[in-house]
1. Just to be sure before I move on: is B:Phe108 under 22 Å from A:Ser85 (Cα atoms) and open to solvent by 40 Å² or more (accessible area, probe 1.4 Å) in the structure I sent?
2. Restricting the search to the stretch C:223-245, which residues are open to solvent by 60 Å² or more (accessible area, probe 1.4 Å) and within 17 Å of C:Arg169 (Cα to Cα)?
3. Name the one entry in C:Gly193, C:Gly177 that is within 30 Å of D:Gly74 (Cβ to Cβ) and open to solvent by less than 20 Å² (accessible area, probe 1.4 Å).
4. May I ask you to list the residues in the stretch C:130-144 that are under 14 Å from C:Ile75 (Cβ atoms) and open to solvent by 10 Å² or more (accessible area, probe 1.4 Å)?
5. Applying the selection to the stretch B:133-153, what residues are of a type outside the set (Lys, Arg), under 30 Å from B:Phe52 (Cα atoms) and surrounded by fewer than 23 Cβ atoms within 10 Å (Cβ to Cβ)?
6. So for the stretch A:94-110 (the condition being assigned to a helix (DSSP H, G or I), at the interface with chain B (Cβ under 9 Å from one of its Cβ atoms), under 30 Å from C:Phe119 (Cα atoms) and at pLDDT 70 or above), does at least one residue qualify?
7. Could you please find all residues in the stretch B:109-140 being within 13 Å of the chain's Cα centre (by Cα) and of a type in the set (A, V, I, L, M, F, W, C)?
8. Quick check on my filter: what residues within the stretch C:151-200 are aromatic (Phe, Trp, Tyr), touching a Phe, Trp or Tyr at 6+ places or on another chain (Cβ under 6 Å) and touching a residue at least 60 places away in the same chain (Cβ under 8 Å)?
Amino acid sequence: MDEILNGLSIILIFSGLIFFMGASVGLMRFPDFYTRMHAAGKGDTLSTILITAGMAVQVLSHFDVVSLFVAIKIIAIAVLIMLTSPTSTHLLMKAGYDDGIDPVTSSDKDGIIDLGGPFIKGSQSGDSESKVKKKIPSKKKSAARRNSV
Amino acid sequence: MYRTLIFSFLLITWIILSGILDAFHVGLGILSCIFVTWLSSDLLFSNRSSRFGDRLKQACRLPLYLVWLLWQIFLANIHVLRISFSPRMREQIQPQIVRFRSGLKSDFEKYVLAQSITLTPGTVTLQINGDVFLVHAISDAAAKGLMGSMADRIRHVFSTD
Amino acid sequence: MKVFGLVAVFVVGLLLLSATQDFPSWGNPRSAASDGEVSSFYIEKTEAVTKVPNMVTAVLADFRGYDTMFETVVIFIAGIGIIAVLRNFEGSDSSIDYDNDDNGAGLLARFTCSLILPFIQIFALYVVAHGHHSPGGGFQGGVMLGASYILLALAFGLSKAKRIFSERRTMIFAVVGIFIYVGWGVLCLLLGGEFLNYSVLDSILPGDAMMARSYSMLVVEIGVAFTVTAIMFSMYSNLSTRGRLSKGL
Amino acid sequence: MEIALMVAGICLFLMMIPIMCRIIIGPTAIDRIVAVNVIGTKTAVLLIIIGALFDNVSMFVDFAIAYAALNFLGSLAASRYFNRTRPAYGKRSSMEVKGS
């Protein structure tokens, strides 16, 4: 039983490390700060969840009340990071966008693409226009072009 | 009524944190929980008009959604992992900013949708203006994924029937 | 100028590094810090005399109570100093309405903060109350509690946090913290012991003299937590608004 | 098991090195903050692993919770600071922000 739990926790921890490696490599290689944010925000969250889950399994391998509480605390860290990490990703990205850092876009995708909506079945308004892609010309097209891939 | 609920949540948290179950420490815990409830009970449960039965239903549906979300997070990470290790990365990403209307009514639904968008494949919420979401997507596939079932699922979780 | 700074930092760093040669080697039992009479007394007697498992807390709040009291006073003076330097009463006239400009950090930050804030606060109080058993105590818990209000001010705007922590109330809290600490010492004096000698308090506290010391440490830590919380928030609100106490960061 | 944890901790630390490079090379201030944020999250995890190595998880997990909470405070403060100082950078244009 002990071996199984230990093996499970090692598998969880090392898969978390692989995802963290993805995040760290992505943070180095991606072209602009928006895409780097994707690597940071996502790889970070899942790897934290996996490693903390691994540690919780590890703590639970000699089971008593105290270690159960400690395991719950470790899971609480994962929940805390799952709540806060997307928020800080969003906030920092918003701060950059408001600051005027232009995103690197592919050559046919500058400006804002409208997907329409709403995407809820049975919602009455705006259905006729939904899912029609239309481009809105960007005010700073030249700047976006300069940065385009 | 909601205050009692918040108090019991906080007390459970205290007992888990403390791990010492003698009268002195639990008494301190009760005092602290009363203090925190008095200080900041207005922060939790911003919408106090809904009935408890509805809350209970929502609380039952939320774990199912979270399991689905965890699976989506896993897929998201595989996606980012593949992109960041691929040698021809620049051809695989088509960064773009898209916007759409979600059709969700309450603020908390929008919050859950925005957090889920940020956690799932290749998309990060950039701005929320009323009902309009501005989203940065890392590739075409990710942008198309936004039109999937997520908003519908959230609507289902927080619906009152 | 940058190069000059680099050179200065480098030279000072080299000096400090060269000083490390005089240190005792790591874990050396015969080093001055662990060989002395005082430290062996602490190590052997702490649990027997005070019934506190965490030696650091006992040394901090009991054996060296004077030191910690004046540390708290130092923090208080730091807060007062920041107010004296930064507080700007000119900006607070009603002609400029800064508060309207400060509406927090948006929907996501608001909801995330309101979901985690009560739990951060309960965690802070847990840290204060369990200084005896786990690392922690008044300073750490006070910092967490102050940070929770900084979080509130960042997410909802400073005006919301000021509803609970107005300037007047902040200073009252800071003073009350020190008052609890010093008052507890004076109480010892009144009961016939020395200043901050908690063992004479067993006549008014449940348990024997050792438990009285244990409980007294908790009281003292609560006082420290009051001061640290108030000064943390006061420092943030003064520094982030350039002393105007409006319009947040 | 201890060896596995040791290896995991060392790997975690080694993978922080590219992120530290990102802190140094920037190019924007927000890049640096994102990198600091990631390192902060991982430090919380690293603290748990260190706790397991010292056989005292129940103590280190408290540090980790405090660290995770304060880390969020840091990124929230940074984002609000950049939103507030936007007029200092002038209008939306990428050139002025880079290298700041």
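The values are calculated or read from the model by the stated rules, or taken from the named source; none is laboratory data. Owing to the predicted nature of the structure, the values given are computational and were not obtained by experimental measurement. In this analysis, Cβ positions are derived from the backbone assuming ideal geometry, glycine residues included, and neighbour counts consider all displayed protein chains. The accessibility values were calculated without ligands, DNA or RNA, using every heavy atom of the protein model including side chains. Shrake-Rupley method; radii C 1.70, N 1.55, O 1.52, S 1.80 Å.
1. Numbers: under 22 Å from A:Ser85 (Cα atoms): yes; open to solvent by 40 Å² or more (accessible area, probe 1.4 Å): yes.
When the stated conditions are applied, B:Phe108 passes them.
2. Just the residues of the stretch C:223-245 that are open to solvent by 60 Å² or more (accessible area, probe 1.4 Å), to begin with: C:226, C:239, C:242.
If the condition is that a residue be open to solvent by 60 Å² or more (accessible area, probe 1.4 Å) and within 17 Å of C:Arg169 (Cα to Cα), then C:Phe226 is the only one that fits.
3. Details: C:Gly193 fails: within 30 Å of D:Gly74 (Cβ to Cβ).
Answer to the selection: C:Gly177.
4. Just the residues of the stretch C:130-144 that are under 14 Å from C:Ile75 (Cβ atoms), to begin with: C:137-143.
Those that are under 14 Å from C:Ile75 (Cβ atoms) and open to solvent by 10 Å² or more (accessible area, probe 1.4 Å): C:Phe139, C:Gln140, C:Val143.
5. Applying the first criterion (of a type outside the set (Lys, Arg)) to the stretch B:133-153 yields B:133-143, B:145-152.
So of that shortlist, the ones also under 30 Å from B:Phe52 (Cα atoms) come out as B:149-152.
Passing the criteria: B:Ser149, B:Met150, B:Asp152.
6. Within the stretch A:94-110, one or more residues are assigned to a helix (DSSP H, G or I), at the interface with chain B (Cβ under 9 Å from one of its Cβ atoms), under 30 Å from C:Phe119 (Cα atoms) and at pLDDT 70 or above.
7. Within the stretch B:109-140, B:Val112, B:Leu113, B:Ala114, B:Ile117, B:Leu119 qualify.
8. Initial filter on the stretch C:151-200 (aromatic (Phe, Trp, Tyr)): C:156, C:165, C:173, C:179, C:181, C:184, C:195, C:198.
Among the residues that remain, those that are also touching a Phe, Trp or Tyr at 6+ places or on another chain (Cβ under 6 Å) are: C:165, C:173.
Result: C:Phe165, single match.
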